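One structure below.
The values are calculated or read from the model by the stated rules, or taken from the named source; none is laboratory data. Predicted model only: the values in this text are computed from it and were never measured. For neighbour counting, all protein chains shown are included, and Cβ atoms are generated from backbone atoms with ideal geometry for every residue, glycine included. Accessible surface areas use protein heavy atoms only, side chains included; no ligands, DNA or RNA. Shrake-Rupley method; radii C 1.70, N 1.55, O 1.52, S 1.80 Å.
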Amino acid sequence: MDRRTFLALAGGAGAAAGLAGCTPLIGSPEEGKVMIFSLNQTTDHPSYAALNAWNDDLAAVTGERWGIDVYANATLGGQQEVVMLVGDGAVDMAVISGTALENLNPDYRTMNLPGVFDGIDHQVAVTNNLAIMGELYSSLEESHGITVVGMFTQGARNLYTTAPVETPEQLSGMRIRVQESDVAIDMINAMGGAATPMPYGEVYTALQSGILDGAENNEVSYVTQRHLEVARHYTLTAHQVGLDFIVVHSGLLAGMRPADAEAFRASWLRASANHTQLWKDETAAATEQMLAEGVTIHEIDRTPFVERLQPVAERYLTSDVARSLYERIRQEA
Ligand code: GCU
């Protein structure tokens, strides 16, 4: 089904549900649903594999009443658009980069700051701890109809460019694609580049045509999006341990039977552990592939970049909520 057809159907079903007194599309939320799930990655990305394994687990523990149907390759839209569709309930669930939630609630910026997480294991432990995250995860329910379930790591994000870059000075004047968020823009500008916000799906062509001089992402995205063909230098800046939130339409979650909600949570924790392992394996495999395809990987002294990033973290820790969340996360490091 192409995206327009899907959205027309979703809109039509929504309108029909309104007329018929909120009769949902498939059964009622208490009974179960195969949830429409949006992902902006290719089918060879580890998040796709982890989500499909989650579907199997979820179906098994709920007697086939609950599941997820993953639409990969951003066929349902880019993340900025899809997050709204989840709020409306036209799409049930999605993987949404941390930077996109920043635009809905500035407290989410804390999760995207350089230095907030020491690494993947610290990040996974913190983000599955609802005593730390619970308030933030439910903060968009009333305003946007979105609940965060947890996150998949994006691992360390690194720079990649058309010409070699090992220092902030070499990055000067280079147009570097970033995600559409204040923190992402500030990080690259602080590192010395000229941050250029742009949706994920437009990066390959922009690199190829010379509109961009580079971008930044983890090894897995760099390889699966084939950006390695058009920006041949990969510099290990590790300026951010990125994360992708798993969001669900709040009404759907609230409508689950308590036993199903419990099974859903336990199943999520298994999916999270599975994704983390897959992520580590696939990052190693992506690095091998980069070398096999002739990419130059620059291992650098990160100090000059780290020093420039420090003020960015401080700039965003201004509200009480942001500061206490940051401190709580650092205590777990
Ligand atoms: C990573 C991340 C995506 C995000 C992308 C981007 O691939 O997993 O959720 O959209 O980076 O840079 O836009």
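Assorted remarks:
- Gain upon complete extension [residue 73, residue 321; 0.36 nm per residue less C-alpha separation]: 85.8 nm
- Residue 239 contributes about 10 Å² of solvent-accessible surface, heavy atoms of the protein only, 1.4 Å probe.
- Percent of beta bridges antiparallel (DSSP, the range 89-243, rounded to nearest 5): 70 percent
- The antiparallel fraction among DSSP beta bridges confined to the chain stands at about 60%.
- Test item: Cα-centred dipole of the chain, Lys/Arg +1 and Asp/Glu -1 on Cβ, debye: 260 debye
- Extension gain (nm, one decimal) between residue 138 and residue 265, 0.36 nm per residue minus Cα-Cα: 44.2 nm
- Overall form of the range 204-332 per C-alpha gyration tensor (a/c, 1.5; a/b vs b/c): oblate
- For the range 101-112, Karplus couplings with θ = phi - 60° (6.51, -1.76, 1.60), whole Hz, Gly/Pro x: 6, 3, 6, 9, 8, x, 4, 5, 4, 3, 6, 9
- Protection-proxy order for peptides 292-298, 311-317, 186-192, 90-96, each taking the mean of Cβ atoms within 10 Å per residue, highest first: 90-96, 186-192, 311-317, 292-298
- Each residue of the range 175-187 is assigned a 3J(HN,Hα), and the resulting list reads 7, 10, 5, 10, 5, 7, 8, 4, 4, 4, 5, 5, 4 Hz, derived from the Karplus form 6.51 cos²θ - 1.76 cosθ + 1.60 (θ = phi - 60°), x at Gly and Pro.
- Solvent-accessible heavy-atom area per residue, rounded to whole Å², over the range 21-111 at 1.4 Å: 36 Å²
- Quotient of C-alpha Rg and 2.2 N^0.38 Å, computed over the range 288-329: 1.89
- Between residue 121 and residue 163, the C-beta separation translates, for a Förster distance of 35 Å, into a calculated FRET efficiency of about 0.55.
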